[in-house]
Amino acid sequence: MIARPRSLEQFQLQFPDDHACAAYLAKKRWPDGFVCPHCGSRKGWKLRAKPWVWECGGEKADEHGELTPCRKQTSVIAGTIMHNTHLPLRQWFLAAHLVTTHSNGISALQLQAKLCIGSYKTAWLLLHKLRRAMVNPDREKLGGFDEIVEIDETSIPDKGRACRGRSGTKPHREAQRHRRGGMARRRQVRPHPA
């Protein structure tokens, strides 16, 4: 298994260009080597102009039983959030790295600046595709079917000692569980280590 880079320097060493990103995706998609999704052949090669596109070298039988070359092209990004992208693969990889390692979350404007993307709309779409892909569709809902869960961050005045940053307040997270037609319950939530 290939380790995820922990720092920006490790990221740059592991993914210096689009070819390295395409090789990573190919290894993830076909761990035992290329397999054509059209004919099932294991013969194929990468195209030089597009490192993420493979062409099948296998043959398949037509309706008369005659073997014809498959020659279908398939991409390592087909069926992913990167499908039909105009951005380089490395920009996608770097965006994913920044989104997952940025401690307080990252805005589309910050992503646009860090990736040198010309359009805010492109950065916004990229960020939201990544965020949507990070959500587990089979996750268990936090409050169940009949509950609404609200989480809020608040600052509680701390008269005992002055805190750095905000004068006289001690920030903490508070979760409030609210049932429809029932009482709200609150409790302080400790930060979860990443």
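Side notes on the structure shown:
- Net length available on complete extension from Arg48 to His86 is 11.9 nm, with 0.36 nm assigned per residue and the Cα-Cα distance removed.
- Per-pair calculated FRET efficiency, R0 = 35 Å: Val135 and Asp62 via Cβ, rounded to 0.05: 0.25
- When the C-alpha to C-alpha distance is required to be over 27 Å, the pairs from Lys28/Lys129; Lys46/Lys114; Lys28/Lys72 that qualify are Lys46/Lys114.
- Label sites at Arg71 and Leu8, each approximated as a point 7 angstrom past Cα along Cα to Cβ, lie 4.7 nm apart.
- FRET efficiency for the Trp124 to His38 pair, using the beta carbon distance and R₀ = 35 Å, is estimated at 0.50.
- Sulfur and carbon atoms: percent of accessible area, the range 56-105 [1.4 Å]: 49
- Between Gln110 and Tyr24, the contour length at 0.36 nm per residue exceeds the alpha carbon distance by 28.3 nm.
- Separation between Cα centres of the range 1-43 and the range 104-135, rounded to whole Å: 23
- In this structure Leu98 has an accessible area near 20 Å², from a 1.4 Å probe over the protein heavy atoms.
The values are calculated or read from the model by the stated rules, or taken from the named source; none is laboratory data. Bear in mind the structure is a predicted one, so any value in this text is a computation, not a measurement. Positions of Cβ are backbone-derived with ideal geometry, glycine not excepted, and every protein chain shown enters the neighbour counts. Side chains included, ligands, DNA and RNA excluded: accessible areas come from the protein's heavy atoms. Shrake-Rupley method; radii C 1.70, N 1.55, O 1.52, S 1.80 Å.
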